[in-house]
Structures are given as structure tokens and as C-alpha cells.
1. Within the group GLY634, GLY623, which residue is over 29 Å from the mean Cα position of the chain (by Cα), modelled with pLDDT under 95 and not hydroxyl-bearing (Ser, Thr, Tyr)?
2. Looking at segment 202-220, which of the residues that are in contact with a strand residue (DSSP E or B) (Cβ under 9 Å, 6 or more places away or on another chain) and assigned to a loop (DSSP other than H, G, I, E, B) is modelled with the lowest pLDDT?
3. Is there a residue being assigned to a strand (DSSP E or B) and within 29 Å of the chain's Cα centre (by Cα) anywhere in segment 173-187?
4. Could you check segment 34-110 for helices (runs of 4 or more DSSP H) lying wholly inside it with 3 or more residues that are within 23 Å of GLY265 (Cβ to Cβ) and at pLDDT below 95?
5. Has segment 330-349 got any residue that is over 25 Å from the mean Cα position of the chain (by Cα), on the phi > 0 side of the Ramachandran plot and either modelled with pLDDT under 50 or open to solvent by 80 Å² or more (accessible area, probe 1.4 Å) (or both)?
6. Provide a single number: the residues in segment 614-632 that are over 19 Å from ALA391 (Cα atoms) and either charged (D, E, K, R) or part of a helix (DSSP H, G or I) (or both).
7. Given (1) of a type in the set (Val, Ile, Thr); (2) surrounded by 24 or more Cβ atoms within 10 Å (Cβ to Cβ); (3) more than 21 Å from PRO134 (Cα to Cα), identify the lone condition not met by THR243.
Amino acid sequence: MDGVTGFGSGERSDGGFISGERSDGGFTEALWRGTLLCDGAMGTLAQATGARADGAGSELVLLAPELVSALHRRYTDAGAQVIQTHTYGAGRLRLAPHGLTRQVREINLTAARLARAVADDAGRRVFVAGSISPATSPRVPGPADPVAVRAAVREQAAALTEGGADLLILETFAHAEELADALSAAREATDLPIVAQATFVFEDGEPVTTHGESPEEVAAVVGALGPVAIGSNCTLGPQGLLTVVRRMAAAVPPGVAVTAQPNAGLPHVVSDRSVRFASDAAHFGRYAARYVAAGARLVGGCCGTTPAHVAAAATALAEGPVPDEPVVPPRRVLHLAPGPTPDTTAPGRAGEPGRGAFGRWLEARHRRPLVVAELTGPEGLDAHVARGRAALAAGPEVLWAGRERSRRPRTTAAAVAAGLQEAVDADVALTVTSWNASRMALQADLLGLDALGVHTIVCETGNPPVHADRPVRDGVWEVDAVGLVGLAAGLTGGVDADGLRLPAAPFRVGVRVTPGSDDLDREMARVREKVEAGAEFLVTRPVFELDRVRRVLAGLAAVGVRVPVLLTVAPLSGFAEAEHLGHEVPDVVVPDGVLARMRAAGDDPGPGLELAADLVAEAVGEGLVAGIVVRRPGPAEALAEAVTRLGETARAARSPAARGRA
């Protein structure tokens, strides 16, 4: 793909942003004259209005056509040059469970006509893209009949074409062959230009489809069929999708453009089981410009994006060219001399390693700061054990098996904790989540942990991993974190979920506290419920400033909640991570000063560790927290460096006043 040399208004031959004045040319011509801006998420916008369809979301085009038209109009008013029909999931096989098979044509025809009317009324050239999803949902088990799949795509493509679409967008496909089959089936029903979009996740640092295919493999398989454009939408936020754009732009065949439609950020399930996305329109706009610099010709948004995001993208694209690659200093290489290995077999005192260290710390009259090393990553058990031993050499009292965040089968956190418990003579903590498990299954898991000797647990409600085309709230939440704490506390007291007596399981139960929450009053109320249910200590989410920590702890103290608090500290690896956390991850606050310092650092991890040390010194010195959890993914020596540096800082910072409050 040719790079972009400029932006502005008017017709461009250099790939610049076109303002959208009328032209007699079609979509393909406009795409190659300059960048086109697509709309954002229709579903997100519809949900924000409170509109609901009993069955499929696309049924809104029949139930509330005025609303759908108004949503399209909000996107065109924001600057969108391409609007997508509200027909995602409107194929025969997806509508069948909702009893809507007789209305497939009506839904798609109506949706296209609604979008067409808004486009024609915009006063400038706006293209209508007929949205077609995979023919079946990934939530439906078993293979689909390929004949029925192709027929469903043809039926939808024909209706959208009849309704006035200028092009088709095949979106959110998780398998290259499935996308290629849909493309070939759509071509049997229409001669409209077709945009083909796959969705990617990051596994082990690489973008792949859920079938494990790289952007280059998708570009080769689908590109051989000659769509007008190939790209990606959904699942990834603005930053993550940039890698996919770069790699696709280098791999697509000549004459095939590249598209980019990221989510607004990461989703988060809130109290009513609804989904909230991290949302930063200016950040989204900056990345839209970077997509164009990397070779994309059509940019827009997917889940969580709104007209504000599209307006920010329009502004950013019109402002001028941006460099694709930031100028950053070389990454600092860690060279650590091995330190002495602590004697973890000797009986420990409060705040010292060895079995029972966590319990001794909780029960100590005068606590010295506890240091916990969190082990994360996709490796197998042997790698985790090696990482745990390396971490112990840096002097923490406790190891923590963090919960797995992968979408693929991995060694579970419980298995890692049990393996560590057997391999090293140290306390091992474990995160236990309640999502996707019934109450009785959770109780069985807790009894299993008791049998394996793992007794320090942190209870969370939890969110499922992000999947494209799969609602984040899918799963079982028979109990939340409060209920899970109650289960563990009951077992500690020798009573099971049904009130029957059994041998006591000596769990030490902690819970999360989120100082970055956008509703601190509710967060404090939830923490109070958890403590009343039996939680003995709190662990913060990773924090990068202390003002909100002070507010939360002061509010909890005011209502009588006084339990030890562990501060989770995650040294930033560089500006990319700081930007991602600050703009795309819900409930994380990264101050402007930290972002500025990390921007200057580029991808040097040194300043991130220095900022973390300053945070620990302040938090422990003030007596805000009674210990720290150190999280640092990557090589074992990087975790060891952070544990050594931050552990020493915590122990040195403990003030006389803090000692008096311990």
C-alpha cells in the first residue's frame, strides 16, 4: 500500500482525507481517491437510548425505524462518509431462533432503505454499506451446514443490494476460510464492491484470529478473491489494531485496500450485567490518523464507538499527516546479578517468607510491609515454577498466581497455584473468580484448593475474556464476589453452602478494591459488603496515583471498614502500555504527568520502575497500605528486579506513624 502524504478537503489522488462533496464516482473510486471515514457502533448507540428488541437487535429497523434513521443521521452529522446498515446478525440462520425467518428479506431491505434515505439527505456523498456478519453465531455449538450458510449470505446480500446499498461489509469473521466463503457467496448475489473484515485477538504478543491465523494469512486467503478491501474490526481497541493494520498493509495483494474499525477500548461488565467500554474519543481520533499513515483507506469504529468518536476521527484526519512510527529511545536491557536465595524453609516471623507467611502477617500486632510477587503469563506450569523460584530469590514473602486472561486453553491459575505450593516452600495466593461457574461448582473448587493446601485467596466477580461476536456478559454468575466471599468464609467456619457441618478449611480471604472506578460511592459500598461477608484484606487494582486511593480508604474508614490493604503496583513497560491503560482500559487512571513522562521514555522501562518506586514510598510512608503486590509480566529477571527495588522501597519507607497504625 502507498503511504499517505497529506490530508485536507477536496478530491485527492495522494490518499488524503476527502471532505465528502458529491461525486459521480462509486465507492471503489472514492476509496482510491482518498481516505473514507466510516461510522461507529449502531448497537452501542441504540442501547444508550434504552431501545430493546425482544429478539435480534436488527429487528429495531421494523419496530423503531425512526430511531434507526436518527442514529444514522447522528453519524453523518459527525462526519461519517460511510454508514453501515443495522443488519449485523440479520441472516436467516441467526434470525431463526427469534422466529424471524419469514422477515429476513424485510429486515434487510428496510434497513438498507433507511440508511439510503439518510445518506441521500446528507447534502454530500455518503455511501451505504450493507453489514453482513458470520452466518452463525460462535455461541452455537457444532459445525453449520455449508449449503445453508452460503444461502443465508446470498439472501442477505441480495436484499441489501435491492434496498440501495453501495457496498457490502462482511465483518467480525473469526476464520479466514469462513470469510472467503462468505465473500464468494455474496458475489453470487450481487456485483457490489465487497469489504472483508476479520477480527483478531492478541495471544502471546501476536495478533491472530480465534482460529490462530495471522493478518498475513488472512490477507493471502481472502485477498486471492479480490475484494475491494480487507481489514479488521471488533475485539481490539485502537492501539492493538494498529499492529494488524501495519501487517495487513504490507501483505494485501495489489489493488486491495486496507480497513480498520476498532472497538472503543476494553469492555467491562458493570453491576447490572450491562457492558461498558472504555471511551476516549480523542484517543480514538489520534489512532484513526495513524491507521491512515500506516496504509488504511477506510477507517471507522466498532463496539463502544459513538458519533463523538467519529467526529474526533474526522477532526484528526483533516488536521494533517501523522508519523506512523514514534521516535523512541532503544529499550534498556536488564542485566541483573543473581541475588541470594532466601531460606524459605526456616520458620518465619510476621512478614517473613515460608509457609504460613500470609497468616502470620495478618495476625501480627505490628505488621511490616508485606511484599507479594504476582506471576502472570501464558506459560505452562514448569515455566511458572521457574518464574516463582526466580521471584522468591528477590525476597517476597508470598507468591500470587494471577488469574489467566487468555481466550485459549491454558494452565489454570488454580493449577499453577497448586504446582507452586508443591514445588516451593512458600505461601501461594490465588485469584478465584465467580463468573462461568455455579455456586456448587465454586464450593467444589474451594474444597479442592483446601485439599491441595492453597488457602490464601482473593475473590472476584470477574469478566470473561473478550471474544468477537460474543456478548461479554455471556456466562454464569450465580454468585458474585460477595457470594463467593461468603462461601469461603463459611467453609473456614466449617459450614458448607447448605448449612451442613464439615471440617474447617482455613482460608484467608481477600477482595479487590478499585480506586479507579467512575462510581467511588458504589465501589465503597461494595467493599463494605464484601468485608461484612468475611473478607479479611483488600487488594487494589493496579494504580498509578494515590489521590483516589486516599479517598476510598478514608470513606471506608468512616463507615468502620478497617482491614489491611495491599497496593498493586505494575511498573509501566513504556509509553505504549501507559497509553493503552490510560485510554482503553476501564477503571484505570493514569495521570497526565505519568503519561508525559512515559511518552518521553518511549519504550524504556526504567522510568516506569522509578515511578512505581515513588508510588510505593509515598503509599507506605503515609501508612495508606500495609504491603504491595508487584505485577510485572515478561522475563523472570524483570519481575525479580521490580520485586527487589519495590520491596526495598516499601520496607525503607515505613514511617513511625505507619508502624503505630499497623
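The values are calculated or read from the model by the stated rules, or taken from the named source; none is laboratory data. Keep in mind that this is a model prediction, so the values were computed, not measured. Counting neighbours? That spans all protein chains shown, and the Cβs are built from the backbone with ideal geometry, glycine included. What goes into the accessible areas is simple: the full protein's heavy atoms, side chains included, and nothing from ligands, DNA or RNA. Shrake-Rupley method; radii C 1.70, N 1.55, O 1.52, S 1.80 Å.
1. Just a single option satisfies the conditions, and that option is GLY623.
2. Restricting to residues being in contact with a strand residue (DSSP E or B) (Cβ under 9 Å, 6 or more places away or on another chain) and assigned to a loop (DSSP other than H, G, I, E, B), the top hit is THR210.
3. For segment 173-187, residues assigned to a strand (DSSP E or B) and within 29 Å of the chain's Cα centre (by Cα): present.
4. The helices (runs of 4 or more DSSP H) meeting that bar are 42-48.
5. Taking segment 330-349 and keeping what is over 25 Å from the mean Cα position of the chain (by Cα), we get 330-349.
Retained after the next criterion (residues that are on the phi > 0 side of the Ramachandran plot): none.
Looking through segment 330-349, none of the residues is over 25 Å from the mean Cα position of the chain (by Cα), on the phi > 0 side of the Ramachandran plot and either modelled with pLDDT under 50 or open to solvent by 80 Å² or more (accessible area, probe 1.4 Å) (or both).
6. Going through segment 614-632 one residue at a time, the tally reaches 8.
7. Exception for THR243: condition (2).
Yes or no, residue by residue, for (1) farther than 21 Å from THR28 by Cα; (2) at pLDDT below 95; (3) assigned to a helix (DSSP H, G or I); (4) open to solvent by less than 10 Å² (accessible area, probe 1.4 Å):
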| residue | (1), (2), (3), (4) |
| --- | --- |
| VAL222 | no, no, yes, yes |
| LEU236 | yes, yes, no, no |
| MET248 | no, no, yes, yes |
| ALA251 | no, no, no, no |
| THR259 | no, no, no, yes |
| ASN263 | yes, yes, no, yes |
